[in-house]
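**Q** To start, I am sharing the structure in question, which I have written as structure tokens.
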Amino acid sequence: MGRELEKRLADLRQRILGCKKCPLCESRTRAVPGEGNPQAEVMFIGQGPGANEDRWGRPFVGRAGDLLNELLRGVGIERSDVRISNVTRCLPPGGRLPFAAEIKTCAPYLLEEIELIGPKVVCLLGNMALHLFVEKSKVIHEVHAKPIPQEKFFLFPMYHPAAALRRPDLLPQVKADFATLKAFLDSKPTLEPQLGQQSLF
Ligand code: URA
């Protein structure tokens, strides 16, 4: 990794750790920056920290994280090869969902992280991550495992691992989607210039 990238990621991390842009800074134990390969070809974006992430200050370290690790390993991808991050960085009180205003305040950290990492594929785990990029009428149930080209990367919507923990009948589909992702990565997809596509950056 170049020194400049290292410096900019460290700066982003420090800003997240010390963030006081919304009231969630009062209730969190720790803010949770992204982690993993700074030059990853693939990023996984979750919703936000749960109780374990809040305690350890790391993304996907609870039950959903264990399942994510297992799903990655199942298709021959190491967690250390990818980047793992979230839409929001602080656990809301009582574990409620983040409010729209909190998501809006926090999202620029994620967009900056994506710009710095420069992945080829951004996997959106669940509807909250999906709706940061695509209209709310589209839901994971309909668009999972279907790549969506953007100007600089492909979006790859996927079920959130927590969905498969809540509904074990989803697990075979979730595993199949990880196999589809691996095949997509192995196909070395390239982006055509997107006519009329608005960049988020
Ligand atoms: N852990 C995370 O870091 N993000 C989620 O969305 C769920 C669990």
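**Q** Could you count how many residues in the range 111-140 are among the charged types (D, E, K, R) and within 16 Å of the ligand (Cβ to nearest atom)? Explain how you work it out, then say what you get.
**A** Just the residues of the range 111-140 that are among the charged types (D, E, K, R), to begin with: 112-113, 115, 120, 135-136, 138.
Still in the list and also within 16 Å of the ligand (Cβ to nearest atom): 113.
Residues that pass the stated criteria total 1.
**Q** Among 174, 139, which is free of Cβ contacts under 8 Å to residues at least 40 places away in the same chain, among the β-branched types (Val, Ile, Thr) and within 20 Å of residue 86 (Cα to Cα)? Steps first, please.
**A** Details: 174 fails: free of Cβ contacts under 8 Å to residues at least 40 places away in the same chain.
Only one candidate qualifies: 139.
**Q** Okay, next question. How many of the residues in the range 3-40 are more than 18 Å from the chain's Cα centre (by Cα), assigned to a helix (DSSP H, G or I) and within 15 Å of the ligand (Cβ to nearest atom)?
**A** Residues that pass the stated criteria total 1.
**Q** Identify all residues within the range 108-139 that are open to solvent by 10 Å² or more (accessible area, probe 1.4 Å), part of a helix (DSSP H, G or I) and not hydroxyl-bearing (Ser, Thr, Tyr); write none if there are none.
**A** Of everything in the range 108-139, those that are open to solvent by 10 Å² or more (accessible area, probe 1.4 Å), part of a helix (DSSP H, G or I) and not hydroxyl-bearing (Ser, Thr, Tyr) turn out to be 108, 111, 112, 115, 116, 117, 127, 128, 131, 132, 133.
**Q** Collect the residues in the range 87-97 that are more than 9 Å from the ligand (Cβ to nearest atom) and crowded, with 23+ Cβ neighbours inside 10 Å, keeping them in residue-number order.
**A** Scanning the range 87-97 gives 89, 90, 91.
**Q** Within the group 63, 28, 58, which residue is over 18 Å from residue 114 (Cβ atoms) and without any contact (Cβ under 8 Å) to a residue 40 or more places away in the chain? Quick ask: steps written out before the conclusion?
**A** Numbers: 63 fails: without any contact (Cβ under 8 Å) to a residue 40 or more places away in the chain; 28 fails: without any contact (Cβ under 8 Å) to a residue 40 or more places away in the chain.
Every option except 58 fails the conditions.
**Q** Just name the residue that is farthest from the chain's Cα centre (by Cα) out of those in the range 59-86 that are within 8 Å of the ligand (Cβ to nearest atom) and part of a loop (DSSP other than H, G, I, E, B).
**A** Per the stated criteria, the residue is 62.
The values are calculated or read from the model by the stated rules, or taken from the named source; none is laboratory data. This is a predicted model, so every value here is computed, not measured. In this analysis, Cβ positions are derived from the backbone assuming ideal geometry, glycine residues included, and neighbour counts consider all displayed protein chains. Note: areas computed on protein heavy atoms with side chains; ligands, DNA, RNA excluded. Shrake-Rupley method; radii C 1.70, N 1.55, O 1.52, S 1.80 Å.
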